[in-house]
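Contents: one structure, followed by commentary.
The values are calculated or read from the model by the stated rules, or taken from the named source; none is laboratory data. Since the model is a prediction, treat every value here as computed from it, not as a measurement. So basically every Cβ, Gly included, is an ideal-geometry build from the backbone, and we count neighbours across all protein chains shown. Note: areas computed on protein heavy atoms with side chains; ligands, DNA, RNA excluded. Shrake-Rupley method; radii C 1.70, N 1.55, O 1.52, S 1.80 Å.
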There are 2 protein chains.
Amino acid sequence: MQLLKERILKDGIVRDGNILSVDSFLNHQIDINLYNEIGKEFKSLFKDNKINKILTIEASGIGLACIIAQYFDVPVVFAKKSKSLNVSGDVYTADVHSYTSNKDYKVTVSKKYINENDNILIIDDFLATGTALFGLMSILEQSNAKLEGIGIIIEKGFQGGGDKIREMGINLKSLAIIDSMENNNIVFR
Amino acid sequence: MQLLKERILKDGIVRDGNILSVDSFLNHQIDINLYNEIGKEFKSLFKDNKINKILTIEASGIGLACIIAQYFDVPVVFAKKSKSLNVSGDVYTADVHSYTSNKDYKVTVSKKYINENDNILIIDDFLATGTALFGLMSILEQSNAKLEGIGIIIEKGFQGGGDKIREMGINLKSLAIIDSMENNNIVFR
């Protein structure tokens, strides 16, 4: 997606440890117009898929999923990272390791909101090694829902998670794939 | 907001400890059409305010803020609950106690995204004792931004936070105020 790549080059900041900071427009301050363009792009990329629900993970995925869901006219379910008193009853859980916060955590989705009749599009902002996605995919397996596809805004191609998921035959679309960020020089695939 | 109140009565579940679970449509599974109706309602309620940015707090606030922001044509900034490697540099911080997760945590906003030129609408899903809001208000004070108003989806009136904020002269609008939930009987103000 050309508009996104230009924005990453203009406003993205490469930090030590292969961190790409896009917090001026994507995941701290949010450019809602860009989110809407992203929504249109995913609708176009997944136009042949019968999707009835979008699944994402808190926190940065939620805003994206909500804006994107408008183009599919479907509800959103977001996986929770901590046990909340607001979610009760039977849940699916999966273990995830976050590299950006360097923590292990559990993700949780109530069994009430995903089941074998669902055709799911997973949305997330970043894909690096893929641990968050593997957690969400594990939840879909537990629920017997069908994974129709995965939509990612920025894939760090050099961290391998995306290629691993494509090799599994999953319909993964990343709007920008970064193959290298060495010396602050962002190279797209 | 009549549509919201009807939905709370239909799908809300009262749990022990004054917990109202609305996770089927508001903060786990999300009804995007309802979010859009909420966005229109807030635009109408704050139509005379010059708002250039919406501030919210992760996680449940983010989706709401993004959908609502479309009606104001402004960006969103969401306060982070944990220190992330993705946010660097100078930050505003405030301490918050969450009753639903029974934890103390810090909220953080980068100084890059809120400053004295901003006219802010704060959005959040729930208001009970108001600790999260007081944290966000502390961040606005630190930044010298102007607080134009606060928009809340569900206020638990019997927990007092809303009345305290109104007494401060702040323009707080809650779309549904619950004065009592005793014996599973939800009574709106």
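The charge dipole of segment B:77-189, taken about the Cα centre with unit charges on the Cβ atoms of Lys, Arg (+1) and Asp, Glu (-1), comes to about 320 debye, rounded to the nearest 20.
Using the Cβ-Cβ distance between A:Met168 and B:Asn18 with R0 set to 51 Å, the FRET efficiency works out to roughly 0.70.
Under a point-charge model restricted to the Cβ atoms of Lys and Arg (+1) and Asp and Glu (-1), what is the dipole moment magnitude of chain A relative to its Cα centre, in debye to the nearest 20?
Charge dipole, chain A, about its Cα centre: 280 debye, nearest 20.
Considering only DSSP beta bridges whose two residues both sit in segment A:1-110, what percent are antiparallel, to the nearest 5? For segment A:1-110, the DSSP antiparallel bridge percentage is about 75. With θ set to phi - 60° and the Karplus curve 6.51 cos²θ - 1.76 cosθ + 1.60, what are the ³J(HN,Hα) couplings of segment B:15-31 in order, to the nearest whole Hz, using x for Gly and Pro? Couplings: 10, 4, x, 6, 8, 10, 8, 10, 7, 7, 9, 10, 9, 8, 8, 10, 8 Hz.
Relative contact order of chain B, please, whole-number percent, based on alpha carbon pairs below 8 angstrom and at least 6 residues apart. In percent, rounded to a whole number, it is 18.
Rounded to the nearest 5, the antiparallel percentage of DSSP beta bridges internal to the protein assembly as shown is 45%.
Computed from the C-beta positions of B:Ser98 and A:Leu3, the FRET efficiency with R₀ = 35 Å rounds to 0.40.
Among the residues of A:107-120, the average count of other protein chain beta-carbon atoms within 10 Å of the residue beta-carbon is 1.
Couplings for segment A:66-82, taken from phi via the Karplus curve 6.51 cos²θ - 1.76 cosθ + 1.60 with θ = phi - 60°, read 5, 5, 5, 4, 4, 7, 9, 6, 9, x, 10, 10, 10, 5, 9, 8, 9 Hz in order; Gly and Pro are left as x. Could you give the distance between the Cα centres of segment B:174-188 and segment B:35-62, to the whole Å? Spelled out, the Cα-based centre of one part sits 23 Å from the other. Computed from backbone phi, the HN-Hα couplings of segment B:45-52 come to 5, 10, 5, 8, 9, 8, 10, 10 Hz, rounded to whole numbers (Karplus: 6.51 cos²θ - 1.76 cosθ + 1.60, θ = phi - 60°; Gly and Pro given as x). Ignoring aspartates and glutamates fewer than eight residues from A:Lys106 along the same chain, the ones with Cα atoms less than 15 angstrom from its Cα are A:Glu58, A:Asp90, A:Asp95. Once neighbouring chains are kept in place and the probe is 1.4 Å, which whole percent of the accessible area of segment A:53-145 is contributed by carbon and sulfur? The computed percentage sits at 45. Among A:Ser138, A:Ser60, A:Ser101, the residue with the largest mean-square fluctuation in a Gaussian network model of chain A, with springs joining Cα atoms closer than 10 Å, is A:Ser101. For A:Val107, the accessible area of its heavy atoms, probed at 1.4 Å with every protein chain present, is near 0 square angstrom. Checking the Cα-Cα distances for B:Lys146/B:Lys173; B:Lys47/B:Lys112; A:Lys80/A:Lys112; A:Lys81/B:Lys156 against a 19 Å cut-off, the pairs over it are B:Lys47/B:Lys112; A:Lys81/B:Lys156. With a Förster radius of 45 Å applied to the beta-carbon distance between B:Asn117 and A:Asn144, the computed FRET efficiency rounds to 0.30. Here segment A:96-189 carries DSSP beta bridges of which approximately 25% are antiparallel, counting only pairs with both residues inside.
Accessible area per residue for segment B:30-183 is 39 Å², calculated with a 1.4 Å probe on protein heavy atoms, without ligands, DNA or RNA. Remark: mean inter-chain Cβ contacts per residue of B:174-185 equal 0, using a 10 Å Cβ-Cβ cutoff to other protein chain atoms.
Buried accessible surface for the A/B pair, both sides summed and rounded to the nearest 100, is 3700 Å² with a 1.4 Å probe.
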